[in-house]
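Data block below; observations after.
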Amino acid sequence: MGQNITEKIIGSHLLSGEMTSGKEISIRIDQTLTQDATGTMAYLQFEAMGVPRVKTRLSVSYVDHNTLQTGFENADDHLFLQTIAAKYGIYFSKPGNGICHQVHLERFGIPGMTLLGSDSHTPTAGGLGMLAIGAGGLDVAVAMGGGPFYLNMPKVTNVKLTGKLNPWVSAKDVILELLRIMSVKGGVGRIIEYSGEGVKTLSVPERATITNMGAELGATTSIFPSDEITLGFMKAQKREKDWVELCADPDAVYNEVIEINLSDLEPMAAQPHSPDNVAKIREIGPLPVQQVVIGSCTNSSYTDLMRVAGILKGKKIHPSVSLSIAPGSRQVFEMLARNGALADIISAGARILETACGPCIGMGQSPSSGAVTVRTFNRNFEGRSGTADAKVYLASPEAAAATALKGVLTDPRELGEFIEIKTPDEFLIDDSMILPPAEDPSTIEVLRGPNIKPLPVNKKLPETLKGKALLKVGDNITTDHIMPAGAKILPLRSNIPAISQYVFSGIDASFADRAKEAGGGFIIGGHNYGQGSSREHAALAPMYLGIKAVLAKSFARIHRANLVNFGILPLTFVDERDYDSIAAEDVLEINTADLGQESGLTVKNIAKGTEFKVRHDLTPRQVEIIKAGGLLNYTKQATGD
C-alpha cells in the first residue's frame, strides 16, 4: 500500500509509537521557530532545562509581534531574545525583518523536514512541503533541547483540487471555502493534505495562504506536495540546493477525501466573528466599510501586494476608508520600493506599516467604535482588532483593495480586466538582518530587563482537587478570550504575575482577583475550548492563578496540550448534559487517585450534592506530566535534575 505525504514525513521522523490514527507517537524535530510574544517564555523554559546549545538542525528566533515600542518592555525583551539566541545557537531575525512565517518560507523552509513553532500559524511552511506544526513554547523548548515532540497520530484528510481559479478569485477563497465546508473545529485531529491537478496551478505563496489558514480549521497542520512549482520558488530564493521532490504515492490511502473545483469558486468573505462564517461577497452586499487592512502572515507576499499595487495604481481610496498595508517581510518591502509599486500604493492614500504582525493581534490600527473593517488576516474573533464592538470581515487582498476604492465591501470582479502577477524569477536576497549565533557562547551575556520575571513553576498534583467553578463559558472560547493580546497586554508576556491580571478580562474583569481570593478553582467550558492562537500564556497565567482543571465539552489541540504542559487537567464530560448542571460558584471536588484508570474520574458537586463522570483521554506519559505538575517538572525528573 502506498503512502501519502504525511506518512512519508512522519515515518522518516518517527521515534516511538505507530502510525495508527489516535495513537500517541513521537517525532524528531528538524527546525524550530519562535516569535517574540511566545519566545521570551520559551527561552526562559529552555534555560531552565540546562541544555548548553540547541540540538535541532536549525532554530530561529523572530521578532514580529511586539514591535510597537511605547515603553521599555518590548525593546528590553528584544535584547533578551537577541542575546539568548547568540548564546544558545539560534539564528535571530531582527525587528523589521518581517513576519516569522513569511521569512521562514522565503529563507529557511525545506521540503520533507519537520518544523515546530510556538505560533499557531507555523503550518504556513506546509506550502513548501514541510510538516510544520504549531505548539506551545514549552514543547518548542523541549524540541530545541533535543527532545521528541509528542502528538496523537492524526487522520489525514485529502483535499483534492481540480480546475483552475478564475480571474479575481484567489487562494484566500480556497481556504474560506474549506472553512465553510469543515468549520473551525472540523480539522481537529486531522492533517489536511492537498492533491489533484489544481495544485499545479497554485504558486508557493498561494499554497502558503491556504496552509496558513488551515490553523483555523483546528487541523494539526496542512501540507502541499513539493514539486516543480516549489523548485521554481526555491530557485528564485537561491535555495534550490534545499529542494527535494515529495508527493503522495499513486495508491496512497486517506481517511477522507474532500473535492474542491477551483473553477467553481468566487470571491468570498468570512463575516463576524468567526473564520468559518463564510459567504459569497456578492451575497453579503455593498456593506459600508470604514477600514481596510492588508497584510498578516496570510496575505503579505510579494505577489499579493504587487496585485494590490496594480489595483490601486492611478486611483485614490474612498474618502470614508482608512487603508493600511503591511508587507510581510523586508524582502517584499524592498522589492516593492525598488520597482515603484510602493509609490503607487502610497499615492493611492494608503498608510504603510512596518513588516510585522501589528493589527492582526490588535497591536495598532484598531478601528473606530462599531466600525466595519475588512482585513486579509486569518482571524476575526470578537475584540481581537483591539476594538470590542468592531465588525471584522476576512477577505482576499484583491477584495480588500477593491473595497478600499469603493468604500463598500466589493467583489473584485467588478474591477474589470484581471491583473496578472507572476512569481519573480529571482527575489532580492539580503539576510543582513538575520544574525547567526555566536561562535563562542562564553563571550555572550544574556541581557534581562526588569520586566522579565522568574518562570513560575507548578506544584505536584494533589490527591484531591477542590474549588469553585470560577467561570462558566460557552462554545468556541478562544485563547484571545482567555489571555487577550493587544498593545496594552502583550508587553507583559515575560511577567506572568502582571499579565495574569488580564486572564478572561474581556469576559469577567473580576476573574483574576476572584481566582486569587479563592486560591484557584475550575473553569467550565463548551465545545472547542481554547481555539486560536498557540499562546501558552492562556494556560500558564491561569496556572499561576491556581486553576486546577478545565471541564469542557471538547478542546482545541494546542491549548489542550498547553494545559497538560502546565499541569492543568483537561477534562471532558462523559455526558454533555452535566455541563448544564454546573453553576458558577458551585464547589467541585475531584479525587485524582484514579487518574490512571480508564473508567474516568468522578466529580462531586458539593453545592448540589450530586456527582458526574469526566474523562481525560491522557496517555500514560501525559498522566505522569500532570502528576509532576507540568512538563518542566517532568523533564527535570526524567533527567535527574
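Remarks
- For L471, the test of being closer than 18 Å to Q531 by Cα and more than 24 Å from the chain's Cα centre (by Cα) is passed.
- Count of segment 401-428 residues, restricted to those that are under 24 Å from Q291 (Cα atoms) and hydroxyl-bearing (S, T, Y), is 2.
- Search result, residues across segment 576-608 that are of a type outside the set (A, V, I, L, M) and out of contact with any strand residue (DSSP E or B) (no Cβ under 7 Å at 6 or more places or on another chain): E576, R577, D580, G596, Q597, E598, S599, K608
- Some residue of segment 281-300 being at positive phi and over 27 Å from the mean Cα position of the chain (by Cα): yes
- Residues in segment 8-22 that are assigned to a loop (DSSP other than H, G, I, E, B) and more than 20 Å from T635 (Cβ to Cβ): E18, M19, T20, S21, G22.
Residues are listed down the side, and each one gets a yes or a no for (1) outside the structural domain of I590 (by TED's automatic domain parsing); (2) touching a helix residue (DSSP H, G or I) at 6+ places or on another chain (Cβ under 7 Å):
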position: A371; (1), (2): yes, no
position: N378; (1), (2): yes, yes
position: F381; (1), (2): yes, yes
position: E439; (1), (2): yes, no
position: S442; (1), (2): yes, no
position: I452; (1), (2): yes, yes
position: K459; (1), (2): yes, no
position: L471; (1), (2): no, yes
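- The single condition from (1) on the phi < 0 side of the Ramachandran plot; (2) crowded, with 22+ Cβ neighbours inside 10 Å that S510 fails is (2).
- Output for segment 482-507, where each listed residue is touching a residue at least 60 places away in the same chain (Cβ under 8 Å), within 21 Å of E216 (Cα to Cα) and not β-branched (V, I, T): P484, A485, G486
- The residues of segment 311-352 that are of a type in the set (D, E, K, R) and under 30 Å from the mean Cα position of the chain (by Cα), listed by number, are R330, E334, R351.
- Selection of strands (runs of 3 or more DSSP E) fully inside segment 179-293 by the criterion of at least 1 residues being touching a helix residue (DSSP H, G or I) at 6+ places or on another chain (Cβ under 9 Å) and buried (at least 24 other Cβ atoms within 10 Å of the Cβ) returns 190-195, 221-223, 268-270.
- Taking (1) more than 16 Å from K172 (Cα to Cα); (2) among the basic types (K, R); (3) crowded, with 24+ Cβ neighbours inside 10 Å in turn, R379 satisfies each apart from (1).
- Residues (modelled with pLDDT of 95 or more and buried (at least 24 other Cβ atoms within 10 Å of the Cβ)) located in segment 65-83: L81
- Condition met for P570 (under 24 Å from S505 (Cβ atoms), part of a strand (DSSP E or B) and in contact (Cβ under 8 Å) with a residue 40 or more places away in the chain): yes
- Residue within segment 64-73 that is touching a residue at least 12 places away in the same chain (Cβ under 8 Å), over 18 Å from C357 (Cβ atoms) and not basic (K, R) present: yes
- Any hit, segment 516-524, residues being basic (K, R), surrounded by 17 or more Cβ atoms within 10 Å (Cβ to Cβ) and on the phi < 0 side of the Ramachandran plot: no
- Flag if A584 is part of a loop (DSSP other than H, G, I, E, B), touching a residue at least 24 places away in the same chain (Cβ under 8 Å) and either touching a Gly at 6+ places or on another chain (Cβ under 7 Å) or hydrophobic (A, V, I, L, M, F, W, C) (or both): yes
- Among the residues making up segment 452-482, those that are part of a loop (DSSP other than H, G, I, E, B) and within 17 Å of G630 (Cβ to Cβ) are P454, L455, P456, V457, N458, K459, K460, L461, P462.
- Elements of the type strands (runs of 3 or more DSSP E) sitting completely within segment 23-95 and holding at least 2 residues that are within 25 Å of F566 (Cβ to Cβ) and not assigned by TED's automatic domain parsing to the domain that holds A485: these cover 24-27, 31-35, 58-62.
- Residue ID - surrounded by the most Cβ atoms within 10 Å (Cβ to Cβ), chosen from residues in segment 146-178 that are in a strand (DSSP E or B) and more than 22 Å from the chain's Cα centre (by Cα): L161
- Against the numbered list (1) among the β-branched types (V, I, T); (2) assigned to a helix (DSSP H, G or I); (3) surrounded by 20 or more Cβ atoms within 10 Å (Cβ to Cβ), V623 comes up short only at (3).
- Inter-residue pairs, beta-carbon under 6 Å, first of a type in the set (V, I, T) and in segment 394-407, second outside any strand (DSSP E or B), 6+ apart: T403/V289; T403/L409; T403/T410
Yes or no, residue by residue, for (1) surrounded by fewer than 18 Cβ atoms within 10 Å (Cβ to Cβ); (2) under 23 Å from L470 (Cβ atoms); (3) polar (S, T, N, Q):
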residue: A593; (1), (2), (3): yes, no, no
residue: L601; (1), (2), (3): no, yes, no
residue: K604; (1), (2), (3): yes, yes, no
residue: E611; (1), (2), (3): yes, yes, no
residue: L631; (1), (2), (3): no, no, no
residue: K636; (1), (2), (3): yes, no, no
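- Only one of S120, S195 that is at pLDDT below 95 and among the hydroxyl-bearing types (S, T, Y): S120
- All positions within segment 324-352 that are buried (at least 20 other Cβ atoms within 10 Å of the Cβ) and either without any contact (Cβ under 8 Å) to a residue 12 or more places away in the chain or of a type in the set (A, V, I, L, M, F, W, C) (or both): I325, A326, V332, F333, L336, A341, L342, I345, A348, A350
- Residue in segment 548-563 that is of a type in the set (G, A, S), part of a loop (DSSP other than H, G, I, E, B), outside the structural domain of V188 (by TED's automatic domain parsing) and surrounded by fewer than 24 Cβ atoms within 10 Å (Cβ to Cβ) present: yes
- Residues located in segment 389-441, provided they are part of a helix (DSSP H, G or I) and out of contact with any His (no Cβ under 7 Å at 6 or more places or on another chain): P397, E398, A399, A400, A401, A402, T403, P412, R413, E414, L415, P441
The values are calculated or read from the model by the stated rules, or taken from the named source; none is laboratory data. Nothing here was measured: the structure is a model prediction, and the numbers come from that model. A quick note on method: Cβ atoms are made from the backbone with ideal geometry, for glycine too, and the neighbour counts reach across all protein chains shown.
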